[in-house]
Amino acid sequence: HHTRSLSKEKSEKGLEALVKAMYAAVFDFLVRRINSSIAVDAAGDRAKRGRAGNKSAAAAAAAIGVLDIFGFETFDINSFEQLCINYTNEALQQQFNNFVLKVEQEEYKREGIKWAFVDFPDNQDCLDLIGKRGSGIIPILDDMCKAVGMTDSTFCHAIYQKCEVHPRFEVSLLQKGSKCFAIRHYAGAVEYNTQTGWVEKDRDDVPKFTLKLLKGSSSTFVKSLGDVIGGVDVASAVGSPGKSRRAPPKSGDNGPSAGKRLTVGAQFSQQLAELRAKIDLTSPHYARCIKPNNALMPDHFDPATVVDQLRCNGVIEAIRVSRLGYPQRFTHALFVSRYRILGLKAMKDSQRSSRRQRPVDIIVQAIAAEVKDDEVEGIQVGRSKVFLRQSTYGTIERLRSIKIRSASIVIQREARRYVAERDYHIIHWLAIKLECLVRRYFAIAKFGRMLQARKARCATTIQACARSFVARRQFQRA
């Protein structure tokens with residue numbers, strides 16, 4: 001037995017490297033085992049179809065893949081792992097922007113509208129800052145790993161010299177003092193700390209004695225892990241520095257050659273390019289998952305948490321890209337139904353004209369006469385839809401609101417007039433009835449007084465006649 005003495009620091013680093021390498025190998029083993037269990041035997045299937053005389057025997061079978069994309073990351077201290085993750089998000093965001101542009105252009109062509117002036121954003125400058133060969137941050141880090149005696153400090157000074165003038169690169173005097181830098185990603189600026197073992201993480205050395213330890217195991221599975229780490233390509237998980245792709249070792253060597261082994265950054269860039277190429281061959285569908293709160297509570301919506309996730313998942317950027325084209329779209333029937341109020345006069349005039357036009361064209365012409373000249377291009381009538389740019393849509397909605405407000409005022413005026421007239425007629429009728437009742441009362445009272453006076457006059461006359469009669473008789477008797 002051979003015994004080799006190592007310092008505590010080297011022993012801990014060797015143990016850490018062994019654990020990461022074993023994790024990567026186990027991960028790759030599980031992925032390959034799952035794929036072999038669920039995959040179709042394409043060769044056998046093609047052979048069967050060939051014997052059956054199928055002309056498409058050599059055609060590849062269709063496949064459906066699910067890609068779980070991690071979100072944009074920014075912490076108090078961001079290191080090499082966060083740069084790789086955010087680099088992937090930048091690349092996939094660019095791919096999503098291109099996908100949106102492609103879908104937009106296809107619909108514009110299908111509808112037959114003008115779209116050449118639509119300017120979509122591109123984050124290629126940020127991707128170049130991180131991954132461009134010769135001047136990108138990851139290639140600079142790879143160069144540091146290939147040289148002898150390079151540290152995080154030399155790497156930090158190298159990116160200051162080569163990247164400081166880049167518009168996406170930010171560094172202040174305070175950040176230089178703490179050996180940090182910032183990158184303006186699509187989701188916001190992120191500060192990275194270079195004093196967190198960048199060179200060591202990118203180099204990802206696996207000591208030879210650890211491989212010898214695995215290969216000397218009595219377990220077949222553990223021995224196979226040693227073979228995988230030493231010479232078989234390992235499919236690395238995105239953003240995990242420990243999952244590395246090893247070059248085949250030289251004959252008789254106990255571990256991979258340092259000169260031929262790819263760095264984690266190089267592996268990462270290579271696999272990201274392969275992933276993007278594979279996605280380009282597919283028809284992607286995007287599903288964004290948003291967590292309403294961090295407390296895992298039902299019926300609780302935290303706006304700050306949701307907005308942060310929307311920003312980190314690229315949803316806000318996607319909306320911004322969509323708004324640069326024609327984000328508002330209406331079918332002809334819906335457009336006529338919604339904006340008929342803006343072209344009522346023009347539609348009435350067209351009915352009296354011998355020239356026949358579609359209602360949607362009449363309304364669009366009426367709207368074009370009311371908006372500014374630079375906003376007229378923001379209205380495009382397609383074969384089945386009307387496309388509106390965001391600024392033009394806002395103007396049309398404002399005109400519609402003004403028309404609706406004016407119509408509302410007219411409706412309110414007529415309604416108030418009707419209510420006032422109705423109340424007036426009621427009050428007038430009640431006043432007449434009241435006058436009648438008062439006049440009747442006074443008439444009855446006057447009639448009563450007249451009747452009493454008449455009765456009094458009659459009684460006086462009767463009394464006078466009676467007294468006259470009595471007096472005449474007494475006089476005659478005397």
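Comparing I362, I319, H166 along the charge dipole axis of the chain, the residue lying farthest to the positive side is I362, per the Cβ-charge model.
What trypsin sites (Lys or Arg not before Pro) does the range 359-394 have in DSSP loop regions with at most 16 other beta carbons within 10 Å? Listed in order of number, the matching sites are K372, R383. For the chain, pairs of C-alpha atoms spaced more than 29 angstrom apart make up 71 percent of the total.
Highest mean packing first, where packing is the average number of other Cβ atoms within 10 Å per residue, the peptides 350-358, 146-154 line up as 146-154, 350-358. By how many degrees, 0 to 90 and rounded to 10, does the Cα axis of helix 359-368 deviate from the longest principal axis of the chain? So the inclination is approximately 90 degrees. Simple point charges give the picture: +1 on the Cβ of Lys and Arg, -1 on the Cβ of Asp and Glu, and for the range 292-341 a dipole about the Cα centre of about 500 debye.
Taking 28 Å as the cut-off for C-alpha to C-alpha distance, list the pairs among K13/K162; K132/K179; K13/K212; K20/K212; K20/K215 that go past it.
On the way: K13/K162 31 Å; K132/K179 22 Å; K13/K212 16 Å; K20/K212 16 Å; K20/K215 17 Å.
Too far apart for the 28 Å limit: K13/K162.
Please list 183-196, 449-462 highest first by mean number of surrounding beta-carbon atoms within 10 Å per residue. Let's see the in-between values first.
Details: 183-196: 19.0, 449-462: 10.0.
So the order, starting with the most tightly packed, is 183-196, 449-462.
Each Lys and Arg adds +1 at its Cβ and each Asp and Glu adds -1 at its Cβ; summed about the Cα centre, the chain shows a dipole of about 5140 debye. Once you sort the root eigenvalues of the Cα gyration tensor of the range 273-327 as a ≥ b ≥ c, which label holds: rounded (a/c under 1.5), prolate (a/b larger than b/c) or oblate (the other case)? The shape class here is oblate.
Ranked highest first by average number of other Cβ atoms within 10 Å, how do 287-293, 63-69, 202-208, 82-88 line up? If you can, show how the numbers build up before the last one.
Values: 287-293: 11.3, 63-69: 8.9, 202-208: 19.9, 82-88: 23.0.
Ranked by mean Cβ neighbours within 10 Å, highest first: 82-88, 202-208, 287-293, 63-69.
Along the charge dipole of the chain, which of L430, F475, M450 sits closest to the positive end, that is, farthest toward it, with unit charges on the beta carbon of Lys, Arg, Asp and Glu (+1, +1, -1, -1)? Toward the positive end, the furthest listed residue is F475. The dipole here belongs to the range 330-478: it is taken about the Cα centre, uses +1 on the Cβ of Lys and Arg and -1 on the Cβ of Asp and Glu, and is about 1960 debye.
Of the residues F155, C145, I113, the one whose Cα sits farthest towards the positive end of the charge dipole of the range 62-168 is I113 (charges of +1 on Lys and Arg Cβ, -1 on Asp and Glu Cβ, taken about the Cα centre).
The numbers here are math on the coordinates, done by the rules we state, and not lab data. None of the values given here were measured: they were computed from a predicted structure. Note: ideal-geometry Cβ built from the backbone for every residue, glycine included; neighbour counts use all protein chains shown.
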